[in-house]
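Below is one structure, written out as structure tokens, with a few remarks after it.
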Amino acid sequence: MEQTIESVSTVEALLQKRPLIISGPCSAETEEQVVSTATRLAATGKVDILRAGIWKPRTRPGSFEGIGTKGLPWLQAAKKASGLPVAVEVATAKQVEDALHFGVDVLWIGARTTVNPFSVQDVADALRGVDVPVLIKNPINPDLELWIGAMERVQKAGIKNVGLIHRGFSSYGNTEYRNAPMWHLAIEMKRRYPGVMMINDPSHICGNRTNLQDVAQTAIDLDFDGLIIESHIDPDNAWSDAKQQITPERLGELVGSIRWRNEDVASEEYHAALEKLRQQINNLDDELMQILSQRMKVAEKIGQYKKDNNITILQTNRWNSILERAFAKGEKQGLSKEFVTKYFDAVHMESINHQNKIMNS
Ligand code: PEP
Ligand code: MN
């Protein structure tokens with residue numbers, strides 16, 4: 001089935017819906033599984049688009065690498081049975097061709113592809129002259145330029161409807177998350193490209209079922225445009241990403257219990273109160289900057305003494321005692337250890353730079 005103009009424009013309209021909810025299995029496994037996931041998702045009334053991986057970029061060879069092109073007609077069947085448009089991950093020109101040939105409505109570029117400009121360009125070239133929405137996942141490493149680069153390549157190929165998916169960033173070792181959300185990076189993308197839809201992927205951020213709801217709620221509180229969450233009729237026995245998938249009914253409950261927020265309200269009272277508080281924040285920020293600047297001037301004086309006495313800038317003992325004091329005080333003031341560490345690291349680095357200038361002047 002070739003994509004018709006009509007089917008594209010309906011999907012375009014659907015993509016305007018907020019919040020936009022995409023769900024479905026990590027991987028298409030059998031026709032029965034795809035069709036029944038789709039119909040059960042549609043029955044919840046909470047889902048707008050069905051997702052299913054056909055080609056799976058697995059980290060290590062040997063695990064299930066996707067059912068391949070033969071799964072595409074299953075998606076057509078699922079769409080017919082459920083009425084949900086379908087989205088698929090593509091990583092090569094051939095996959096784009098096959099997906100479009102079988103009438104896939106939305107394409108997405110996975111995190112392992114976004115990191116590679118050659119692959120993204122290959123996909124982008126295959127998209128020339130095609131009118132299909134494309135969602136671009138963040139690269140696995142925390143590099144905004146790569147994410148932006150992928151978006152630009154796809155846009156330059158003439159794709160008008162481009163969206164972003166925030167799926168977290170990989171890091172070494174065990175952490176609370178499979179992929180650390182690093183929310184500030186997604187927020188920075190939203191700031192730079194306010195017109196581009198940003199969807200959150202709690203499944204690949206969490207890597208388990210436990211934290212899905214919290215991550216989804218955080219994304220909605222941060223004014224994300226929607227969610228993509230993996231679901232499976234038999235999550236424990238899924239052929240990929242079993243630990244993070246949930247049943248279609250659980251997905252319905254999860255979406256149903258999210259507290260939706262308004263970006264704005266018309267109330268004058270609310271705006272006046274908010275304006276007052278924002279002014280307070282501005283004043284406090286100004287004071288903080290002044291105090292920080294004073295702190296740097298003191299650091300420069302210390303630098304001068306160290307220079308006169310030919311002493312190293314960094315003194316580990318002193319630095320440890322500053323941190324210990326800060327942790328103890330911070331805890332009493334309700335500041336997290338993580339924040340105190342980041343803040344003092346930044347302040348310390350700036351102090352060292354100021355002292356360096358003095359020492360070497
Ligand atoms: C997926 O969506 O199933 C997937 C492989 O995700 P990511 O590219 O975010 O790892
Ligand atoms: Mn997955």
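For the reader, a short list of remarks on this structure follows.
- Lone qualifier among Val96, Val132, Val88 - being touching a residue at least 60 places away in the same chain (Cβ under 8 Å) and either in a strand (DSSP E or B) or buried (at least 18 other Cβ atoms within 10 Å of the Cβ) (or both): Val132
- Breaking point among (1) assigned to a loop (DSSP other than H, G, I, E, B); (2) in contact (Cβ under 8 Å) with a residue 40 or more places away in the chain, for Asp264: (2)
- Residue check for Phe64: modelled with pLDDT of 95 or more and either surrounded by fewer than 18 Cβ atoms within 10 Å (Cβ to Cβ) or part of a helix (DSSP H, G or I) (or both): no
- For Val123, the criteria (1) in contact with a Ser or Thr (Cβ under 8 Å, 6 or more places away or on another chain); (2) of a type in the set (Val, Ile, Thr); (3) within 23 Å of Lys190 (Cα to Cα) hold in every case but one, which is (3).
- Residue in region 175-184 that is within 15 Å of ligand 1 (Cβ to nearest atom), part of a loop (DSSP other than H, G, I, E, B), touching a Ser or Thr at 6+ places or on another chain (Cβ under 7 Å) and under 18 Å from Glu230 (Cβ atoms) present: yes
- Looking across region 281-334, the residues that are over 14 Å from Asn353 (Cα atoms) and acidic (Asp, Glu) come down to Asp285, Asp286, Glu287, Asp308, Glu324, Glu331.
- Taking first residues from region 32-48 that are touching a residue at least 24 places away in the same chain (Cβ under 8 Å) and under 16 Å from Ile21 (Cβ atoms) and partners that are buried (at least 19 other Cβ atoms within 10 Å of the Cβ) and charged (D, E, K, R), the Cβ contacts under 9 Å between residues at least 6 apart in sequence or on separate chains come to Ala38/Lys79.
- Within region 300-316, tally of residues that are over 39 Å from the mean Cα position of the chain (by Cα), part of a helix (DSSP H, G or I) and not acidic (Asp, Glu): 8
The values are calculated or read from the model by the stated rules, or taken from the named source; none is laboratory data. Bear in mind the structure is a predicted one, so any value in this text is a computation, not a measurement. FYI the Cβ positions are ideal-geometry reconstructions off the backbone, even for glycines, and counts take in every protein chain you see.
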